[in-house]
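Inspection log for the structure reproduced underneath, given as structure tokens.
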Amino acid sequence: TSFTHAIARRPGDSVIHGLRVVDRGAPDLASLRREHAGYVDTLTRVGVTVEMLEPLESYPDSMFVEDPALVFREAAILLRPGAPSRRGEGAALEPSLRTLFPEVLSLPGEGHADGGDVLLTPEAVYIGLSARTDAGGAAALVRLLGSLGRRVHVVTPPAGVLHLKTACSLVEDHTLLATRALAEAALFPDLDVVVVPEGEEPVANALRVNGAVLIADGFPKTAALLARRGYDVRLLALDQVMKLDAGLSCMSLRW
Ligand code: CIR
């Protein structure tokens with residue numbers, strides 16, 4: 001949860017065509033750009049140097065840079081996103097990753113895996129199977145991460161979750177913020193869980209960075225619960241981003 005660097009990509013005009021499971025209308029472009037700028041500004045304020053990439057109009061969801069790659073200080077891994085409209089995003093990221101990481105690896109095989117399905121803790125990597133991450137992609141990633149010396153677990157989140165981290169996120173090295181459905185699935189025996197209060201499930205994709213916990217604005221019970229537990233909570237406007245089924249982790253790659 002300590003990071004010095006991040007990559008983010010400015011949203012293009014095409015972002016209004018971004019994928020969404022439930023269509024609650026297209027996001028408002030100007031407001032979405034403000035939300036993205038506010039996010040990057042918050043990362044900067046908590047001590048992260050953000051490498052800003054230019055918009056990619058041919059990929060409406062490309063501002064969600066977390067999905068096509070996985071990064072560690074020592075290496076970056078190009079993944080293969082599960083959504084057909086997102087398949088070229090890895091190749092588009094590759095040149096930047098090559099300038100920023102000593103080594104850039106690629107997910108072997110034909111399977112698919114999205115970064116939104118990968119939860120990193122200090123000791124382990126959890127890969128969630130989803131509509132985007134299939135068994136073949138997960139198995140290939142397990143082997144690759146194993147060869148880098150990482151401990152990896154494949155987990156199956158309850159149905160209805162887009163990405164594993166849609167329903168949970170790390171708020172401390174060994175503490176997870178999770179929806180009740182995800183908490184009850186008991187996928188993480190080694191982690192403590194703070195359950196999101198009923199009705200505030202979309203807030204579960206929080207982002208812990210350098211001691212601060214970034215959450216979406218508009219979820220007062222969760223904000224109060226985290227503040228009571230002593231977290232330095234930062235509220236971010238995220239209404240438009242959330243129309244695209246996205247949250248805080250999706251908009252950056254951090255290391
Ligand atoms: C998608 O469906 O791929 C995008 N609209 C949202 C991606 C969210 N990414 C994430 O949770 N890591």
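Every read-out reported here was derived from the displayed coordinates using simple, explicitly stated rules and does not represent laboratory data. No experiment lies behind these values; they were computed from the predicted model shown. Please note: Cβ atoms are built from the backbone with ideal geometry, for glycine as well, and neighbour counts cover all protein chains shown.
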Quiz prompt | Leading residue by the ranking (farthest from the ligand (Cβ to nearest atom)) among those in the stretch 129-149 that are free of Cβ contacts under 8 Å to residues at least 60 places away in the same chain and charged (D, E, K, R) | solution = Arg143
Practice problem: Would you mention how many residues in the stretch 18-32 are among the charged types (D, E, K, R) and either touching a helix residue (DSSP H, G or I) at 6+ places or on another chain (Cβ under 6 Å) or outside any loop (DSSP other than H, G, I, E, B) (or both)? | Solution: 1
Practice problem: Please give the number of the condition Val21 fails out of (1) closer than 21 Å to Val142 by Cβ; (2) hydrophobic (A, V, I, L, M, F, W, C); (3) within 15 Å of the ligand (Cβ to nearest atom). | Solution: (1)
Self-check item: Options Glu66, Glu57, Glu74, Glu35: the member that is part of a loop (DSSP other than H, G, I, E, B), among the acidic types (Asp, Glu), touching a residue at least 60 places away in the same chain (Cβ under 8 Å) and farther than 22 Å from Asp134 by Cα
Solution: Glu74
Self-check item: Subset of the stretch 77-97 (residues that are within 11 Å of the ligand (Cβ to nearest atom), surrounded by fewer than 24 Cβ atoms within 10 Å (Cβ to Cβ) and in a loop (DSSP other than H, G, I, E, B))
Solution: Gly82, Ala83
Quiz item: In the stretch 186-201, which residues are in contact with a strand residue (DSSP E or B) (Cβ under 8 Å, 6 or more places away or on another chain) and either of a type in the set (Ser, Thr, Tyr) or assigned to a loop (DSSP other than H, G, I, E, B) (or both)?
Solution: Leu187, Phe188, Asp190, Leu191, Val196
Quiz item: Among (1) surrounded by fewer than 23 Cβ atoms within 10 Å (Cβ to Cβ); (2) of a type in the set (Val, Ile, Thr); (3) within 17 Å of the chain's Cα centre (by Cα), where does Val193 come up short?
Solution: (3)
Exercise. Give the residue that is farthest from the ligand (Cβ to nearest atom), with candidates limited to residues of the stretch 162-184 that are in a loop (DSSP other than H, G, I, E, B) and more than 18 Å from Val125 (Cβ to Cβ).
Key: Thr179
Exercise. Could you grab me the full set of residues in the stretch 108-126 that are away from the ligand (no atom under 16 Å from the Cβ) and of a type outside the set (Gly, Ala, Ser)?
Key: Pro108, Glu110, Thr121, Pro122, Glu123
